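Input: one structure, supplied below.
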Amino acid sequence: MQRRDMLKKATIGAAATTTLAAPAIIQAQPTLNWRCASSFTKATDIVFGGAESIAKHVAEMSGGKFNIRVFGSGEIVPGLQVADAAMNNTIECGHTASYYYVGKDPVWAFGACVPFGLNFRQHNAWWIDGGGEELMQREFYDKQGIVALLAGNTGGQMGGWFNKEIRTPDDLKGLKFRIGGFAGQALAKLGVIGSQIAAGEIYQALERGTIDSAEWVGPYEDEKMGLHKVAKWYYYPGWWEPGPALSLMVGKKAWDSLPKAYQQMLRTASLEANVEMMARFDARNAAALKRLIAGGTRVAAFPKSVMDVCYKACQDLFTETGAKNPLFKKVFDHQTRFLSDSTGWLRLNEGAYDSYMGTIRR
Ligand code: CA
């Protein structure tokens, strides 16, 4: 036998051995089967896909040992009770938006976003490097019995669909608007009649005139729902959701029972989902917006006078909330300091670049 053949055989033999036997580190790890409840349904494919992506990548990283089965909203847990189920250890983890739980305590909002708060870039910067995660985990999530991992974002949302023009703050008076949360409360101060219609009923409510306007997500999701067929005006920006983050909420008990390697896999896969989700929205929103405009949708910016009264109403609401809840004030102030420095920087450099590039015709 030639030396070359011998070498080839030896190499193949070695490769076969390593393929068959999993690395020792994986062999030593337990086999786990977890359940993850999502607050979303498959209809919002990019958002729901975040949890599926986390499950897939954790299974791959663990050599098939750490398995997470993802359930859609309502399958095992109602969509708005996902955090509760993780806190109570009914499930090991859930994929959700923390601001769904502000009814329990307004501090929950900071894991997702508050009106006129951080955009996607700023939320990541605040959470990862600005002390946001540490502050929220130590002072809030630990007490809830939750470990919250950054796990997705839709990016800045649109202001939504309107059947009347919004020219001045007076146009907000008596406006029947499908909007919830802090924004709904702030807008109520300005005469808006807010309603919290379920996603599946927005189309019909606009069509029948039960509401004058509704906010949902952005071009890609809104087009799928057909909202352009029942409302003429599409406003921006959605100042109430400048960069809503999603979280993988892991019950503290389940988290503490994990080997370090599995904890890191969850963290890594969640961060990957965070980037991946934003990339998908950025790519698909651009294409959907072009189609909407070509189809006759009138796209318009909220006038500055309207933005100004909304901003003021939100700040008043935050001051009132902070007066009753010291931790809310503490996190709000922490985030606001970060926001003002960060906005100065992003606006100076990337803001100038984006503005310039927007003037070029191709
Ligand atoms: Ca929204």
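The values are calculated or read from the model by the stated rules, or taken from the named source; none is laboratory data. These numbers come from a predicted model, not from an experiment. Using ideal geometry, Cβ is built from the backbone for each residue, glycine included, and neighbour counts are taken over all protein chains shown. Each accessible area value is taken on the protein alone, full model and side chains, heavy atoms only, with ligands, DNA and RNA left out. Shrake-Rupley method; radii C 1.70, N 1.55, O 1.52, S 1.80 Å.
Under the 0.36 nm per residue contour assumption, what length would be gained going from the current alpha-carbon distance of Glu207 and Asp129 to full extension? Intermediate values should be presented prior to the final figure.
Details: separation 78, 0.36 × 78 = 28.08 nm, distance 4.52 nm.
Contour length minus the Cα-Cα distance gives 23.6 nm.
A follow-up question, please. How many percent of DSSP beta bridges within the chain run antiparallel, rounded to 5?
Values: 15 of 33 bridges.
Expressed as a percentage, antiparallel bridges in the chain total about 45.
Also, quick follow-up: Going by a ≥ b ≥ c, the root eigenvalues of the Cα gyration tensor, does the stretch 225-362 fall in the rounded group (a/c under 1.5), the prolate group (a/b larger than b/c) or the oblate group?
Numbers: a/c = 1.82, a/b = 1.31, b/c = 1.39.
Oblate.
Of Asp282, Asp105, which has the most accessible area and how do the rest follow, probe 1.4 Å?
Details: Asp282 95, Asp105 40 Å².
In descending accessible area the options line up as Asp282, Asp105.
Each label point is 7 Å from the Cα along the Cα-to-Cβ direction; what then is the distance between the points at Ile293 and Arg138, in nm?
Going from the Ile293 label point to the Arg138 one covers 4.6 nm.
Hey, another quick one. Find the relative contact order for the chain and round it to a whole percent, using C-alpha pairs within less than 8 Å whose residues are 6+ positions apart.
Values: 587 pairs, mean separation 80.6, N = 362.
So the answer I get is 22 percent.
Okay, next question. Name all residues of the stretch 84-121 having a backbone nitrogen under 15 Å from the label point set 7 Å from the Cα of Glu75 along its Cα→Cβ direction, giving them as ranges.
91-96
Another question, then. Can you compute the modelled spin-label distance between Ala28 and Ala323, with each label point 7 Å from Cα toward Cβ, in nm?
Output for this residue pair reads 5.8 nm.
What is the Cα coordinate range of the chain on the first, second and third principal axes, sorted by size from largest, in whole angstrom?
89, 52, 43
Counting each DSSP H run of 4 or more residues in the chain as -39500 (n - 2.57), what helix-only mean residue ellipticity at 222 nm follows after dividing by all residues, to the nearest 500 deg cm²/dmol? Walk me through the intermediate numbers first.
Values: 14 runs with 170 residues, N = 362.
The helix-only estimate for the chain comes to -14500 deg cm²/dmol at 222 nm.
Treating only the Cβ of Lys, Arg, Asp and Glu as charged (+1, +1, -1, -1), what charge dipole size does the chain show about its Cα centre? Round to the nearest 20 debye. Mind dumping the intermediate values first?
Numbers: 41 positive and 35 negative charges, 161 e Å.
My answer is approximately 780 debye.
Next up: Put +1 on the Cβ of every Lys and Arg and -1 on every Asp and Glu Cβ in the chain; which of Trp239, Asn124, Ala188 then has its Cα farthest towards the positive end of the dipole?
Asn124
Next up: Counting heavy atoms of the protein chains only and a 1.4 Å probe, report the per residue accessible area for the stretch 221-361 as a whole number of Å².
Working: 7490 Å² over 141 residues.
Accessible area per residue, the stretch 221-361: 53 Å².
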